[in-house]
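Before any comments, here is the structure.
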Amino acid sequence: MIADSTIKPTLPTDFVQVGPTLVINNGQDYADNLVTLTMPLSVTDDEAVMPFYYDQAGNQLEPITMVERTSSTATLSTRHFTRDLMALPGNTPAVSALRSAMASSFGSVKVVWIKTSKRS
């Protein structure tokens, strides 16, 4: 896993990436048990935070299950770090080609943490 500060998704207004994009390489299969990844970060009680897979080619985000959050960390949980389960919207030839290329590939994925203010 490496941190790459140059990879940044385009986000809606009021949403901010927390920390660098994590690039995780996995040439293996699904884990037998849940894998957790804890990210050090600083968020206040009035901010919501969530991890996402990030498809840089299509600027698509897909949420990852978060299992714990403190004032200084957030932890995600998954059984894989692979692109083959990302839900890519659309049915254009370009999206179909991207799905086909990614369908059987464990490999490099990008994970971003995004925060926004909680609204009441």
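Laid out as a table, the results:
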read-out: Val23 being among the aliphatic types (A, V, I, L, M) and assigned to a strand (DSSP E or B); value: yes
read-out: Qualifying positions in segment 25-54 - modelled with pLDDT of 85 or more and charged (D, E, K, R); value: Asp45, Asp46, Glu47
read-out: Considering residues of segment 6-21 that are in contact with a Pro (Cβ under 9 Å, 6 or more places away or on another chain) and open to solvent by less than 80 Å² (accessible area, probe 1.4 Å) only, the residue modelled with the lowest pLDDT; value: Gly19
read-out: Failed condition for Leu76, given (1) loosely packed, with under 13 Cβ neighbours inside 10 Å; (2) at pLDDT 90 or above; (3) not in a loop (DSSP other than H, G, I, E, B); value: (1)
read-out: Segment 65-77 residues that are touching a residue at least 40 places away in the same chain (Cβ under 8 Å) and over 14 Å from Glu47 (Cβ atoms), paired with ones that are open to solvent by 10 Å² or more (accessible area, probe 1.4 Å) and not in a strand (DSSP E or B) (beta carbon under 8 Å, 6 or more apart); value: Leu76/Thr65; Ser77/Leu34; Ser77/Thr65
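Every residue, every condition in (1) exposed (fewer than 12 other Cβ atoms within 10 Å of the Cβ); (2) not hydrophobic (A, V, I, L, M, F, W, C), yes or no:
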| position | (1), (2) |
| --- | --- |
| Leu34 | yes, no |
| Met50 | no, no |
| Asn59 | yes, yes |
| Ile64 | no, no |
| Thr70 | yes, yes |
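The values are calculated or read from the model by the stated rules, or taken from the named source; none is laboratory data. Here the structure is a predicted model, which means the values were calculated and not measured. Glycine gets a Cβ as well: all are built from the backbone with ideal geometry, and neighbour counts include every protein chain shown. Note: accessible area is taken over every heavy atom of the protein model, side chains too, but ligands, DNA and RNA are not part of it. Shrake-Rupley method; radii C 1.70, N 1.55, O 1.52, S 1.80 Å.
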